[in-house]
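Written out below as structure tokens is the structure these notes cover.
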Amino acid sequence: MTRSRTFDRALVAGASGETGQELLSVLRPTDLSVRATTRSYANVDMLERHGADDVLVADFFESADAVAAVDDCDIVYCALGTPSGIRHTIGTKLVDRTGVINLITAAVGAGVSYFVLESAIGVGNSKAGLSLPARLLIRGSLSAKQDAETALRRSGLEHTIIRPGRLTNDLPSGAVVVNEGGGSFSGSISRADVARVMAVSPFTPDARNRTLEIVSRDGLTSAPTNPVDIDWAEDHLAIEREHSRI
């Protein structure tokens, strides 16, 4: 398939998180200029070492910070998430909802070309992929992520929503199983593999305007109810060939 899309500048929102750091590492050898965001000045040097061309300290609960973050960006990679705690249960002041929606709104206003959102298996029609006790424990977070997904679908932005299974810090396996349409699909996946899938999504016509659940083949615990074969645009990433078959 011919790859005709070109982008110049990308934003990694939530870059100081573990998935965000993996995204920076994946994007570093590409031709993209990459802006990273963090809420703490203490993370600036670390993000620059991971490959960010510039770092913006931003609070996405503030609309003005979201507007500044997306300025002059073609792609937004959103890896925003709330640290583990009681807020995941009660759903109070979650960046997963308010921050992501502020970022989507800013992206629409700035004419961003593509938006990639990291969500989670357990959200929306994928709730059966997460056990009931787990859903109850993080019900506030799941509701917030569902609201963010809905806002992105309604925004008119070209996008890909990625719902990974349980996240691990394993090395990238390169073997990712993809499901679409929710159901009971479940399993685990490394953050490194999630970052690779997110990174290539804007360049992959098969992924455009779709919501995809992903787990690693080795981490699969429940078979996909609606497996899909995505022709990922791996040629846009300069990653090791032994780990490139996502």
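The values are calculated or read from the model by the stated rules, or taken from the named source; none is laboratory data. Since the model is a prediction, treat every value here as computed from it, not as a measurement. We place every Cβ from the backbone using ideal geometry, glycine too, and count neighbours over all the protein chains shown.
Some notes on this structure:
- Selection from segment 111-144 of residues that are buried (at least 18 other Cβ atoms within 10 Å of the Cβ) and either modelled with pLDDT under 90 or aliphatic (A, V, I, L, M) (or both): Val112, Val116, Leu117, Ala120, Ile121, Val123, Leu130, Ile138, Gly140, Ser141, Leu142, Ala144
- Residues being without any contact (Cβ under 8 Å) to a residue 60 or more places away in the chain and over 18 Å from Thr19 (Cβ atoms) - total across segment 167-191: 7
- Scope segment 1-15; condition buried (at least 22 other Cβ atoms within 10 Å of the Cβ) and in a loop (DSSP other than H, G, I, E, B); matching residues: Gly14, Ala15
- The helices (runs of 4 or more DSSP H) found entirely in segment 40-145 that carry 2 or more residues being of a type in the set (Asp, Glu) are 44-49.
- Of all residues in segment 152-179, those satisfying the criterion of being in contact with a strand residue (DSSP E or B) (Cβ under 7 Å, 6 or more places away or on another chain), of a type outside the set (S, T, N, Q) and surrounded by fewer than 20 Cβ atoms within 10 Å (Cβ to Cβ) are Leu157, Glu158, Arg166, Leu167, Asp170, Leu171, Ala175.
- For the residues Ala120, Ala106, Ala148, the requirement of being of a type outside the set (Val, Ile, Thr) and more than 15 Å from the chain's Cα centre (by Cα) singles out Ala106.
- Scanning segment 177-214 for residues that are farther than 21 Å from Val12 by Cβ and in a helix (DSSP H, G or I) yields Pro205, Asp206.
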